[in-house]
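Here is the structure we will look at, set down as structure tokens.
Only the coordinates and a few stated rules stand behind these numbers; no lab work does. Since we're looking at a predicted model, the values are computed, not measured. With ideal geometry, Cβ positions are generated from the backbone for all residues, glycine too; neighbour counts draw on all protein chains shown.
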Amino acid sequence: MSSSPTPKSRVLVLGAGNFGSCLADHLGDCEHEVFLWSRDPGFVEYFNVHHRNPNYLKDHAFSTNIHALGPEIPNKETVQQMEVLLFAIPTQGIRETLTKLQPSLTGEKLPLMIFVNKGIETGTQALTLEIIADTCGSRVAREATFISGPSFAKEIVRRQPTSVSVASLTESRAEKASEVFHQPWFRCYTGRDPIGLELAGALKNVYAIAAGMADGLGFENNTRAMLITRGLAEMTKIGTAYGASPLTFLGLAGVGDLFLTCSSPSSRNYTVGYRLGKGEALEDIIRTLGSVAEGVTTAKGLKKIIDEMDVNASIATEIYQVLYEGKDVKTSVQELMSRPPSRELDLPEKTGDHAKGLLKKLGLDTSINGDIVKHTSQYGHECPVP
């Protein structure tokens, strides 16, 4: 089925949930040799016999180029045989998984490490880029690559046309990841703003909860369009204050993914909001949802970030109060709509402190491996060109 001349790779996909499974299937269909890791031994046995996922995308027959592994984390020998490691586990589990894998990431040649999770670590407010630096070191973080964009798993496995953003601080790694994934039905666009891409992917889940709440309350198209547009304005304001490029939020990882997750009942975060709007308790929704809605945990980390940056993000604040302070949904809507008039587009004057601190942790104000060729990035730092 593949029409790409790209050399085939051995790919280890960590996480056999909805999105990890669909990406494993896509890569297997592209004739890569794919290994799909799960901590569930029942899944591993079932998948290797039937080539079906008993928990997600149940009706789909998966590529025979995929072999399931687990439940133990892959050992050093297995990891070092891989050209690509694809992380498709929830953000809150990334630190633990990377800590276990770190001893395997030694030697001169690192595998291409691609992350598709979308969220902010609750306890630390860290983006995945910072978690990678904390657990695996600055070199691994500098070469890490991130993929985000409007991409429902059930449509990817049906090969419906899909496009995503691919970003890394090391441009050659983003280009390599794009080559691994790119197909006529799955287009990749590269960029050099992984911080913006991460923030866009995480924040849009919070605003999808807001859109779902509005639909659950019985509001219609005007309200949804308002929330998507104002949500994008807040995302751009928060991202710019953090130090990301505002242009990133106009791309696939920003407005593209925001529109998708705010407009479809297939979105887990939209579903959480919709059920909240219908009057259900959050605990009951989470217990019966069947999969992780990262916007719920992201809202908690986001609240701390906007407070630290002193950014006015009224929709995000109201979502936090509904989720964690027990605020009534209807009261939240009334207070949002009762706010006084304000400027429609207003980017913050003070920008970049969070991003600058993160880049300093990554060593991007010094040379890498003696290479002192530099360029100026959107983060306000001189970043080495690998």
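For the reader, a short list of remarks on this structure follows.
- Anisotropy class of the chain from Cα gyration tensor, a/c 1.5 cut: oblate
- Residue-wise HN-Hα couplings along region 96-101, as the Karplus relation 6.51 cos²θ - 1.76 cosθ + 1.60 with θ = phi - 60° gives them from phi, are 4, 5, 5, 4, 5, 7 Hz; Gly and Pro carry x.
- Cα gyration tensor of region 196-337 - equivalent ellipsoid semi-axes, whole Å, descending: 22, 16, 15
- Total lysine pairs whose alpha carbons fall under 15 Å of each other in region 188-317 (8 or more apart, or interchain): 4
- For the chain, the longest piece that avoids every one of the trypsin sites (Lys or Arg not before Pro) found in DSSP loops with at most 13 other C-beta atoms within 10 Å covers 159-342.
- Rule-of-thumb Rg ratio for region 10-192 [Cα; 2.2 N^0.38 Å; N residues]: 0.96
- Label-to-label distance, VAL49 versus LEU336, with points set 7 angstrom from Cα along the beta-carbon direction: 4.8 nm.
- Projected area averaged over orientations for region 247-325, convex hull of C-alpha atoms, nm²: 5.9 nm²
- The Cα atoms of region 11-53 give a gyration tensor whose axes a ≥ b ≥ c have a/c of 1.5 or more with a/b greater than b/c, which makes the shape prolate.
- Anisotropy class of region 1-107 from Cα gyration tensor, a/c 1.5 cut: oblate
- Taking only the alpha carbons of region 83-136, we obtain Rg and Dmax values of 11.0, 33 Å in that order.
- With contributions of -39500 (n - 2.57) from each DSSP H run of at least four residues, the per-residue ellipticity at 222 nm computed over the chain stands at -14000 deg cm²/dmol.
- Under 19 Å of direct C-alpha separation, and excluding same-chain neighbours fewer than eight residues apart, LYS176 reaches these lysines: LYS8, LYS109.
- Loop-located GluC sites (Glu not before Pro) in region 235-344 whose Cβ has at most 15 other Cβ within 10 Å (DSSP): GLU280, GLU325, GLU344
- Loop sites in region 65-174: GluC sites (Glu not before Pro), DSSP, at most 15 other Cβ within 10 Å: GLU72, GLU108
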